[in-house]
Amino acid sequence: MLFGLLAPLLLFATAAIAQPSSCPPMTAEEAANMSTSELLLKLTATCRYDKWQRPQSEQKDQPIKVHAKVHVYFLGAIEAQSLKFTAHILLMFRWRDPRLAIPSGSGLDGRVGSSMGGQGLLLRDKIWVPHVYLSNERESVVMGAERKDVRITLHPDGRVEQALRMKVTLYCLMNLQKFPFDQQQCPLMLESWTYNSSELQLQWESTRPVTVNSELLLTEYRLIDTRTTSTEDTEPLLTAAEPTHPRLRPNDSAIVMELEDEEDRALEENEGLRANFSRLEIRFHLAREVGHYVMDYFMPSILLVAMSWVSFWLDPNAIPGRTTLGTSTMLTFITLTRNTGSALPKVSYIKATEVWFIVCTGFIFGSLLEFAFVNTIWRRKKEVPLKKVNSKYILKSTLTPRMARRQLQSSLSVGSELDRCTSWPHQLNQV
């Protein structure tokens, strides 16, 4: 506890000792005679530069403008199961810091200095840089083999350029209702973390803010286009912490209720403490390639349904063959569907592949019902009397129970004998 209170004082005292008492302004002649390293050290000296202070904009009381540009090297691993995708990008920012400007007349043109790798990280730690994060980020890392791929470039007029080569894994909420004929829009969202929109404003570069590798090839998707937008996001400045009450006795219910009322009022007050933060967004419009699903799902399912119809041409007495053919096609089709849907998340709506599954299952199950119907007719055709050979009387005779059929046959036989007996007097009178 004591160390925590003394640590800020020690840091302040150390900074005061290290800081020189005076820092004369740098002239153009001094800047012209310095090397790049000496010039960078002179510009970022603690006596004239405070990296914790935001640079002033060109217009007073206006937010500093940070221009962004993204180059996409690679898009891959677009996983519908976990709703994420991976990208290799080059993220570039540009802003102007008047404190890093060199006096005119020094004869320095172009860029003052450019530091990469470990030196770039050291220079970035000495100057002010915007804190921009990926709001839909799942995982990200700055790439580099031996050193991190970070580049900081300073220009004589105070312009600062920062470039980072990153590998990012981002969330992408997908709508799979038309799967596998769907199109997805996966975003990459950049947002200011430290400063709100009244202090810092993110903007896209005016020319080609997003570029994509011309040799980019995707396995399952096809990149249609990329769209850029610039918006503002509203987020709370303060969040309510968990209440920490002292240990109360069971009969202190009135005190508990009073504390809860105070917490509710504090929450309502904190709801109004919100601010707008600048946001840049890239949307990758992707269309799924259906060739894989046509060859591995749709064509096999069509063949399985056609195979189940082979039982229509088999002999009705071929019960083992018809039964084996119908059940095997049904089980094979279910296994095929499960293998195709295993790479998809469980969603609450019906997908296009599920509609296809229902239709194909209906056809295969209908062939099994046709076998049962035809086999029943074939076994009873010698016992069932038919008035007419059409579907109505065939169905009626098939669904008639055995006792009812016997009663029907006996009633028909008695009726025929009575008709025969009553016809004799009529025939005798005619004779």
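The values are calculated or read from the model by the stated rules, or taken from the named source; none is laboratory data. Since we're looking at a predicted model, the values are computed, not measured. Neighbour counts are summed over all protein chains in view; Cβ atoms, including those assigned to glycine, are modelled from backbone coordinates with ideal geometry. Only protein heavy atoms, including side chains, enter the accessible area calculation; ligands, DNA and RNA are left aside. Shrake-Rupley method; radii C 1.70, N 1.55, O 1.52, S 1.80 Å.
Here are a few things to note about the model shown:
- Any hit, segment 34-46, residues being closer than 26 Å to E281 by Cβ and surrounded by 15 or more Cβ atoms within 10 Å (Cβ to Cβ): no
- In segment 270-302, residue modelled with the lowest pLDDT [restricted to those that are among the acidic types (D, E) and outside any strand (DSSP E or B)]: E271
- Residue within segment 215-222 that is charged (D, E, K, R), farther than 20 Å from A68 by Cα and out of contact with any strand residue (DSSP E or B) (no Cβ under 9 Å at 6 or more places or on another chain) present: yes
- Checked against (1) modelled with pLDDT of 90 or more; (2) touching a Pro at 6+ places or on another chain (Cβ under 7 Å), S198 passes all but a single condition, namely (1).
- Identity of the residue in segment 328-343, of a type in the set (S, T, Y) and touching a residue at least 12 places away in the same chain (Cβ under 8 Å), that ends up farthest from F363 (Cα to Cα): T340
- Residue that is modelled with the highest pLDDT, among those in segment 71-123 that are part of a strand (DSSP E or B) and over 32 Å from the mean Cα position of the chain (by Cα): R96
- Being part of a strand (DSSP E or B) and crowded, with 17+ Cβ neighbours inside 10 Å holds for only one residue in R138, R165, R222, and it is R165.
- Here R338 meets the list (1) more than 30 Å from the chain's Cα centre (by Cα); (2) at pLDDT below 90 almost entirely, failing just condition (1).
- Condition met for Q177 (part of a loop (DSSP other than H, G, I, E, B) and farther than 20 Å from A77 by Cα): yes
- In segment 303-326, the residues that are in a helix (DSSP H, G or I), open to solvent by 80 Å² or more (accessible area, probe 1.4 Å) and touching a residue at least 40 places away in the same chain (Cβ under 8 Å): W309, F312
- Counting only residues that are modelled with pLDDT of 90 or more, out of contact with any helix residue (DSSP H, G or I) (no Cβ under 7 Å at 6 or more places or on another chain) and of a type in the set (A, V, I, L, M), segment 145-194 holds 11 of them.
- Against the list (1) part of a loop (DSSP other than H, G, I, E, B); (2) open to solvent by 60 Å² or more (accessible area, probe 1.4 Å); (3) farther than 30 Å from L40 by Cβ, the condition T194 fails is (3).
- Within segment 141-155, if we keep just the residues that are aliphatic (A, V, I, L, M) and touching an Asp or Glu at 6+ places or on another chain (Cβ under 9 Å), the residue that is surrounded by the fewest Cβ atoms within 10 Å (Cβ to Cβ) turns out to be V142.
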